[in-house]
Amino acid sequence: MRRFIRRSAVVVALLVSLGTVVTLVASPSWADARHRHHHGRDHVVNIPDTDKFVPFHLTIKKGDTVTWVNSDTDDHTVVSDDAFNDAGHNGLNQLIPGTVNNNGQAGSFTLEFDHVGTFVYYCRFHSKLDADNQPIAPGPDGGIQDANGNFGTPMSGVITVVDKHHDDD
Ligand SMILES: [Cu+2]
């Protein structure tokens with residue numbers, strides 16, 4: 001009885017480990033297939049340890065997703081500039097925590113774009129719009145000026161969403 005149990009346990013362990021190997025081998029292609037058929041591509045906009053979005057501009061296809069990853073220690077925001085934004089997600093005001101406020105991990109935020117157009121956005125902590133909806137640097141009026149007199153660059157970005165053609169994949 002004891003020997004039987006031990007042998008069964010070995011067989012079960014073997015089956016489990018075989019199953020794990022099969023799952024590990026099988027899941028990438030399954031995930032790729034699922035990804036291809038139900039979603040577009042994923043793109044990343046990184047926020048490094050400076051107040052900027054990298055890359056500043058992205059061209060993506062309708063149905064693609066964009067994930068902002070805040071690798072900075074400070075919090076940042078993704079705010080849509082509705083005056084120029086015709087790609088959807090109007091009225092967006094999303095905080096993305098930095099590592100200090102996110103247990104040492106980079107904060108992230110993902111949007112899927114289902115409309116062709118231009119998504120203009122900025123971080124409300126590190127840029128502001130003037131009366132004509134133009135982003136202005138945080139200069140004399142905004143108050144950020146370093147010891148060298150540099151007023152910095154408004155923290156903003158642009159995503160262009162283009163139509164997906166039938167032969168694209
Ligand atoms: Cu910011």
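Laboratory data are not the source of any read-out in this text; all were calculated from the coordinates shown. For clarity, every value in this text was computed on a predicted model and none was experimentally measured.
By how many nm would the segment from Thr59 to Asp132 lengthen if fully extended, with 0.36 nm per residue of separation less the alpha-carbon distance?
Taking 0.36 nm per residue and subtracting the Cα distance, the gain is 23.7 nm.
Amide hydrogen proximity for Arg124: with H placed 1.01 Å from N in the peptide plane, the residues at 5 or more positions away or on another chain lying under 5 Å are Thr77, Val79.
Compactness of the stretch 41-132, taken as the C-alpha radius of gyration over 2.2 N^0.38 Å, stands at 1.06.
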